[in-house]
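Beneath this line is the structure, given in structure tokens, with notes to follow.
The values are calculated or read from the model by the stated rules, or taken from the named source; none is laboratory data. Here the structure is a predicted model, which means the values were calculated and not measured. We place every Cβ from the backbone using ideal geometry, glycine too, and count neighbours over all the protein chains shown.
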Amino acid sequence: MIRFGAGYRAIYASSVELCAFDSPHEREGALERYRAADTPGVLSNTIKQKRKEKAGKWDVPLPKVRPVAEEEMFKVLRTGKRKTKQWKRMVTKATFVGPGFTRKPPKYERFIRPTGLRFTKAHVTHPELKCTFNLDIISVKKNPNGPMYTSLGVMTKGTIVEVNVSELGLVTPAGKVVWGKYAQVTNNPENDGCINAVLLV
């Protein structure tokens, strides 16, 4: 059986009461009692504090980035004997593919990620140490332009990537070595030929 606190019981009781009335006048009275039960004091301060901490944890160096249009992100490839088929796309931005990546047969590959635009390392700056390290990329966590670009491993300005920080010797309060940490890409990799990022600490 699920047990709730006293505040949640009051809200539940008033909401049940709210559903029981048919006349508008009685319903209005129940609605006032429901609103009174749903006071800010019901949620404890510790929960609010945790929410604030969680929100502040992901304050990123670049909160807003320019959206990239699909026409800019992909180049349409015409295929077939008469070049009439247009279902293939070539990614024109920097991408990351994992170490165990194997291409599909070229005939069936819808999204082509050129090897010249694939990156495995990033220049990551630690904001507190004020030092830059050349670290391995583990994965692309989130591309601000959409989930499709995240799954393709496309890295544009503002993308959150996971990097291997084991060589930095960072440890948790429990004494365990931190292996992966998130960093945000701060440049346009397709223009610069490298990936610059800032570590999220």
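Values computed for the structure shown
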read-out	value
Qualifying residues in the stretch 105-119 (those that are basic (K, R) and at pLDDT 95 or above) - the one farthest from the chain's Cα centre (by Cα)	R110
Spans of strands (runs of 3 or more DSSP E) in the stretch 149-201 with at least 1 residues charged (D, E, K, R), touching a residue at least 12 places away in the same chain (Cβ under 8 Å) and surrounded by 13 or more Cβ atoms within 10 Å (Cβ to Cβ)	160-164, 180-185
Failed item, numbered, when V177 is tested on (1) touching a Leu at 6+ places or on another chain (Cβ under 9 Å); (2) within 12 Å of V124 (Cα to Cα)	(2)
Verdict on G169 being of a type outside the set (F, W, Y) and within 20 Å of M90 (Cα to Cα)	no
Qualifying residue in the stretch 120-142 (condition: of a type outside the set (V, I, T), part of a loop (DSSP other than H, G, I, E, B) and at pLDDT 95 or above)	no
